[in-house]
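Engineer: Supplied in structure tokens, the structure appears directly below.
The values are calculated or read from the model by the stated rules, or taken from the named source; none is laboratory data. Just so you know, these numbers come straight off a predicted model, no measurement behind them. Counting neighbours? That spans all protein chains shown, and the Cβs are built from the backbone with ideal geometry, glycine included.
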Amino acid sequence: MTILILGSGGREHTFAWKTAQSPLCDKLFVAPGNSGTAQIATNVNIKVTDFEAIKALVLEHDIDMVVVGPEDPLVQGVHDFFLNDDQLKNIAVIGPQKAAAELEGSKEFAKEFLFRHHIPTAAYQSFDSSTVEEGCRFLETLNPPYVLKADGLAAGKGVLILNNLDEAKTELKNMLVEAKFGEASSKVVIEEFLDGIELSCFVLTDGKNYKILPTAKDYKRIGEGDTGLNTGGMGAISPVPFATEAFLNKIEERIVKPTINGLVKDNLPYKGFVFIGLIKVGDDPKVIEYNVRMGDPETEVVLPRLKTDLVEIFKAISEERLNEIDIEIDERAATTVMLVSGGYPEAYEKGKEITGLDAIEGSIPFHAGATIKDGKVVTSGGRVMAITSYGNTYQEAIKKSYQNIDKLHFDKMNYRKDIGFDL
Ligand code: AMP
Ligand code: GLY
């Protein structure tokens, strides 16, 4: 098969790494890709939301399958674009259709779905610019901290957690009236604050059958001890040590099954990954959010633990026979540590040469914001590279990642030295 992966991050390098290992994959393209995917696939410099350019590429190279990495093209309807085009309609697309992608595209849609299907989640109400005063009164009925979420996609920045009521009211007005997050905050969901430890569950579905992948925990804040600004993710661990068998059963029975059944009942066509952000409150899992794609850097620890051929799984998803596939998981733990540009998640410089990659032993460097320039690997983004390792325990794995990071260098390189600190 000829396969195209859309995206350019560490997630997509990991997809490419796993796809290239499949005997079913004859030729692999990544658009736009990065310096990591360039080593194992053909990069094509087109934007993931330029559907006409994607169509031209697919037709030119007889591509059989398109795997969508990030949420933007899904929420904009890339899968529907294929289904509605006579020349593209028989090509396998891994990723939900637009109606289902609203689970990530609109927080209000996701909350309505969760309540409709009796899936445990935080209490909420949603507001728009005509109901700001009601929103302020609702805040007065809650205990701090206050959780405000822009309804739409806001590149991971749309959630505010505030301790002070006046500040919460001001931010609510900023979001609804001053368009703090643009169109994304024309509606705001205000939620009950859930106190607990977070983890993520990843599910594959063909729209009726499902398979559960290993859990992972990511580290979102820039600073050690989970402090400072939110990032796309600074590291991850799989499996999550506190996710016991009993707890995983609760996740499957109370969350995964009603989610998949809900997709069927609501007629939301879904062939792809469901990423369920969870919080463990006491001994019970509650849903924080849905994402309609894999996580980054969670992919960099989940896929390395998957022994089953990923392309075989994707084929089964597209043919709606995922029930026929056995998912085999590596018992070892996997960890990853993200190397980021100094300054990230605020302003940072690009174009710094990355050295030491040849010295890496026993870890896998998944490239993210990195590109090739004049034959050298240089930084091109905030999150630059995820260093993944296996171990019999996560402590052993993380030690290996840090040992290899000691050999790597670029100007103003930064990373968290405490991944796993809270486990
Ligand atoms: P989200 O974009 O919905 O995943 O929210 C971003 C982050 O905000 C989550 O990873 C949590 O750390 C936090 N968060 C979101 N909703 C809640 C909630 N109801 N209670 C506590 N923390 C939350
Ligand atoms: N690491 C969180 C995400 O991919 O959304």
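Engineer: Of the residues Ala168, Ala184, which single one is assigned to a helix (DSSP H, G or I) and either within 16 Å of ligand 2 (Cβ to nearest atom) or under 30 Å from Ala56 (Cα atoms) (or both)?
Structural biologist: Every option except Ala184 fails the conditions.
Engineer: Under the condition of being surrounded by fewer than 23 Cβ atoms within 10 Å (Cβ to Cβ) and among the acidic types (Asp, Glu), which residue from segment 217-247 is nearest to ligand 2 (Cβ to nearest atom)?
Structural biologist: So the residue we want is Asp226.
Engineer: Within the bounds of segment 207-214, is there any residue that is under 29 Å from Lys400 (Cα atoms) and in a strand (DSSP E or B)? So that I can check it myself, show each step before the final result.
Structural biologist: Quick first cut of segment 207-214, residues under 29 Å from Lys400 (Cα atoms) only: 212-214.
In the following step, the residues that additionally are in a strand (DSSP E or B) were identified as 212.
Taking every residue of segment 207-214 in turn, at least one turns out to be under 29 Å from Lys400 (Cα atoms) and in a strand (DSSP E or B).
Engineer: Please go through segment 217-238 and pick out each residue that is away from ligand 1 (no atom under 15 Å from the Cβ) and under 16 Å from the mean Cα position of the chain (by Cα).
Structural biologist: Residues satisfying the conditions are Ile237, Ser238.
Engineer: Being out of contact with any strand residue (DSSP E or B) (no Cβ under 7 Å at 6 or more places or on another chain), away from ligand 1 (no atom under 15 Å from the Cβ) and under 19 Å from Glu298 (Cα atoms) narrows it down to one of Pro241, Pro214, Pro269, Pro258, so name that one. Steps first, answer last, please.
Structural biologist: Numbers: Pro214 fails: out of contact with any strand residue (DSSP E or B) (no Cβ under 7 Å at 6 or more places or on another chain); Pro269 fails: under 19 Å from Glu298 (Cα atoms); Pro258 fails: under 19 Å from Glu298 (Cα atoms).
That would be Pro241, the only listed residue that is out of contact with any strand residue (DSSP E or B) (no Cβ under 7 Å at 6 or more places or on another chain), away from ligand 1 (no atom under 15 Å from the Cβ) and under 19 Å from Glu298 (Cα atoms).
Engineer: Then there's this: Enumerate the strands (runs of 3 or more DSSP E) found wholly within segment 63-147, keeping only those where 3 or more residues are out of contact with any strand residue (DSSP E or B) (no Cβ under 7 Å at 6 or more places or on another chain) and of a type outside the set (Gly, Ala, Ser).
Structural biologist: Of the strands (runs of 3 or more DSSP E) lying wholly inside segment 63-147, none has at least 3 residues that are out of contact with any strand residue (DSSP E or B) (no Cβ under 7 Å at 6 or more places or on another chain) and of a type outside the set (Gly, Ala, Ser).
Engineer: Can you name every residue in segment 197-216 that is away from ligand 2 (no atom under 16 Å from the Cβ) and at pLDDT 95 or above?
Structural biologist: Listed by number, the residues that qualify are Leu204, Thr205, Asp206, Gly207, Asn209, Tyr210, Lys211, Ile212.
Engineer: Is there a residue in segment 344-357 that is surrounded by 17 or more Cβ atoms within 10 Å (Cβ to Cβ) and over 18 Å from Asn414 (Cβ atoms)?
Structural biologist: Checking segment 344-357: not a single residue is surrounded by 17 or more Cβ atoms within 10 Å (Cβ to Cβ) and over 18 Å from Asn414 (Cβ atoms).
Engineer: What number of residues in segment 226-256 are part of a helix (DSSP H, G or I) and touching a residue at least 40 places away in the same chain (Cβ under 8 Å)?
Structural biologist: Count: 5.
Engineer: Write out, first by first residue and then by second, each pair whose Cβ atoms fall under 7 Å of each other, whose residues are 6+ apart or on separate chains, and whose first residue, in segment 96-108, is buried (at least 23 other Cβ atoms within 10 Å of the Cβ) while the second is at pLDDT below 95 and part of a helix (DSSP H, G or I).
Structural biologist: That search, which allows pairs on different chains as well, returns nothing.
Engineer: Still on this structure, please answer the following. Against the conditions (1) crowded, with 16+ Cβ neighbours inside 10 Å; (2) not in a strand (DSSP E or B); (3) not basic (Lys, Arg), where does Ser200 fall short? Just the number, please.
Structural biologist: (2)
Engineer: Can you tell me which of (1) of a type in the set (S, T, N, Q); (2) over 17 Å from Ala368 (Cβ atoms); (3) touching a helix residue (DSSP H, G or I) at 6+ places or on another chain (Cβ under 9 Å) is the one Thr42 doesn't meet?
Structural biologist: Every condition holds for Thr42 apart from (3).
Engineer: Then there's this: Suppose we filter segment 116-126 for residues that are under 23 Å from the mean Cα position of the chain (by Cα) and within 23 Å of Arg137 (Cα to Cα); how many remain?
Structural biologist: Matching residues across segment 116-126 total 2.
Engineer: Then there's this: Would you check if there is a residue in segment 285-298 being more than 16 Å from ligand 2 (Cβ to nearest atom), at negative phi and modelled with pLDDT of 95 or more? Please lay out each step first, then the result.
Structural biologist: Initial filter on segment 285-298 (more than 16 Å from ligand 2 (Cβ to nearest atom)): 285-286.
Filter once more, keeping what is at negative phi: 285-286.
Applying the additional criterion that residues be modelled with pLDDT of 95 or more yields 285-286.
Yes, some residue in segment 285-298 is more than 16 Å from ligand 2 (Cβ to nearest atom), at negative phi and modelled with pLDDT of 95 or more.
Engineer: Only one of (1) touching a Phe, Trp or Tyr at 6+ places or on another chain (Cβ under 6 Å); (2) more than 16 Å from ligand 1 (Cβ to nearest atom) is not met by Leu310, so which one is it?
Structural biologist: Single failed check for Leu310: (1).
Engineer: Of Val264, Val274, Val287, which residue is hydrophobic (A, V, I, L, M, F, W, C), outside any helix (DSSP H, G or I) and more than 13 Å from Leu199 (Cα to Cα)? Step through it out loud before you land on a result.
Structural biologist: Numbers: Val264 fails: outside any helix (DSSP H, G or I); Val287 fails: more than 13 Å from Leu199 (Cα to Cα).
One residue alone meets the criteria, Val274.
Engineer: Any residue at all in segment 160-171 that is among the β-branched types (Val, Ile, Thr) and within 16 Å of ligand 1 (Cβ to nearest atom)? Steps first, answer last, please.
Structural biologist: Initially, segment 160-171 is screened for residues among the β-branched types (Val, Ile, Thr), giving 161, 170.
Imposing the further condition that a residue be within 16 Å of ligand 1 (Cβ to nearest atom) reduces the set to 161.
Looking through segment 160-171, at least one residue is among the β-branched types (Val, Ile, Thr) and within 16 Å of ligand 1 (Cβ to nearest atom).
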